[in-house]
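Below: one structure, written as structure tokens.
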Amino acid sequence: MMKIPEWLDLVPHATARDKCIAKTSLNEGSCIFTEPAFTTILLPSEKGQRCDNCFRLPSGKVRLQRCTGCGSYWYCDTQCQAFQWRAHHKRICKGYNTHLSSPEYQALPVHEKNDSILLTHTLAKLSLLTIPYSVEDSPSATVLLSLLPHPQDSVPPPVCPIKPTPQPQLLKRLYARFGNNNFAIHSRLTTVGHGVFPVASRLFNHSCVPNAVAKYVFSSSQSIVMEVVALRDISPEEEVCLPYLDPALHESRRQILEISYGFKCQCPSCLFLQAIGPLPELPIDQTELSFLEKSLRDLVGFVPDLAHTLPERLIEDTPPSLYCMLREGYMAGLSETFSKASHEGQYDVALESGVTLLSLYLLVYPPNYPQTGMHLLELAKTAWNAIITARGLTGDEIQMLKQQLPVFLSLARHILTILGPEDDGVGPLQEIQTLQQLLPDI
Ligand SMILES: [Zn+2]
Ligand SMILES: [Zn+2]
Ligand SMILES: [Zn+2]
């Protein structure tokens, strides 16, 4: 029915519909699956900044060009425009602005506005394919309509008029598969759009401790391509899983998975959190909190001036005294403290909160998780800035930072090399290389 790479297999699962397993050993960092997007949308905040077709940012003095028909879609060049025109835009261009200004569309909440446009793109694309969708011509269309529907029935948002008018049944069938199957398309951990990738939806189940992640490559003038990368070595027969949502959502993820995806996650991390029950409040007293933060760093055991590899920890290692640090608000607050202090040049605060945050990541994310790699790069940049400005630091402290900086950099490079280049290819790996070239000068 659909093409699966020869090293993967879809086999029955005890509770889910199926599961995707490795047929052979898959190496850490290998790209195990690719799929061009069936359809995508750019988030409204990115409109006019990135090409609506390939999501690339214009480079240098190049400016994006607007569709002369509707003025509401932007493209790198005629190649991107022609590709999207043929794929779906020619069915939408005329009615798009009327749809956007209609009271029905305007009344929608933001996420339904996004769904309305993605649904429009998908319907328009389907309308250009021959019915019945032949497996040879449009395998993705066939797979898309065979995906499991959302557990709850919901009314589709209004869509842009398309001629010939699609069957209302098709609209319902498609929308029922949106909430639990679509992917957020991200660039350097920031969501820039949403996309329909039917085969990936059909293949990969969720795990809160995933052994693979999806990244998005914006290098072609055709579709955006999803690549699934192994975060670690995967053995034959082992299931390949992706995170459907941020594994650090300790308090909400089980409910979201149940309501939006229709299953109760039974991973070791979820069972552990379930056994704990509601997470305790954080101490209000700052001294007490600082003590707990030190205990967290000690538990994880990351020592920046000595580390050659990152310690591997499991959330199940958390002692009861530190359960409060698993609260979602704590990670968010710590991340904000780190960014703010780093930005404002309070390097002592930044580096301490940054290492505490890294320890938390190592406890709750699986090894080589992209967030950990990106954070190590931020730590390296903070250490770099601290050394360069030397503001409020003693000679010994600067000496120590000079030892830590290459450690942050090499650990960041290790993880981000496993993930490999994403989006338009110029990204964190290039920043790491630049910093590494500057190291001998400090
Ligand atoms: Zn483009
Ligand atoms: Zn247009
Ligand atoms: Zn879980």
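Under 5 Å from the amide H of V213 lie the amide H atoms of V229, L231, each residue being 5 or more positions distant or on a separate chain, with H modelled from the backbone and absent for Pro and chain starts. With the charge dipole of the chain set up from +1 on Lys and Arg Cβ and -1 on Asp and Glu Cβ about the Cα centre, the Cα lying farthest toward the positive end among the listed residues L129, A22, L358 is that of L129. Normalised by the number of residues in the chain, the mean separation of alpha-carbon contacts (under 8 Å, six or more apart) gives a relative contact order of 17 percent. Would you kindly state how much longer the chain becomes between E238 and Q169 on full extension, computed as 0.36 nm times their sequence separation minus their alpha carbon distance, in nm to one decimal? Roughly 21.0 nm would be gained on extension. Only helices enter the 222 nm calculation for the chain: every DSSP H run of n ≥ 4 contributes -39,500 (n - 2.57), and dividing by all residues gives -13000 deg cm²/dmol, rounded to 500. Across segment 3-20, the residues whose backbone nitrogen lies under 16 Å from the label position 7 Å along the beta-carbon direction of S220 are 3-5. When the chain is treated as a GNM with alpha-carbon contacts under 10 Å, the residue of I415, I398, I41 showing the greatest mean-square fluctuation is I398. Each Cα pair under 8 Å and six or more residues apart adds its sequence gap; the mean of these over the residue count of segment 8-253 is a relative contact order of 31 percent. For T389 and V110, the FRET efficiency from 1/(1 + (r/R0)^6), where r spans their Cβ atoms and R0 equals 41 Å, is about 0.55.
Positive-end ranking of L118, A230, A412 along the dipole of the chain, with charges on Cβ about the Cα centre, is headed by L118. What number comes out for the charge environment of A214, summing +1 per Lys or Arg and -1 per Asp or Glu over other residues with Cβ under 15 Å away? Neighbour charge sum, excluding A214 itself: -2.
Charge dipole (Cα centre; +1 on Lys/Arg Cβ, -1 on Asp/Glu Cβ; no other charges) of segment 100-201 amounts to roughly 100 debye.
Of the trypsin sites (Lys or Arg not before Pro) found in segment 90-187, those in coil by DSSP whose Cβ has at most 15 other Cβ atoms within 10 Å are K94.
Highest GNM mean-square fluctuation among Q403, Q79, Q169, for the chain modelled with Cα contacts below 10 Å: Q169.
What the phi angles of segment 67-73 give under the Karplus curve with 6.51, -1.76 and 1.60, with θ = phi - 60°, is a coupling list of 5, 6, x, 10, x, 10, 10 Hz, glycine and proline written as x. Phi angles across segment 213-229 convert, under the Karplus curve 6.51 cos²θ - 1.76 cosθ + 1.60 with θ = phi - 60°, into 3J(HN,Hα) values of 9, 9, 10, 10, 10, 10, 9, 9, 7, 9, 7, 5, 10, 8, 10, 9, 10 Hz, Gly and Pro given as x. GNM remark for the chain: springs join alpha carbons under 10 Å apart, and the peak mean-square fluctuation among A248, A141, A390 falls on A390.
No lab work stands behind these numbers, since they all come straight from the coordinates. Keep in mind that what you see is a predicted model, and the values were worked out from it rather than measured. Ideal geometry is used to build each Cβ from the backbone, glycine not excepted, and the neighbour counts take in all protein chains shown.
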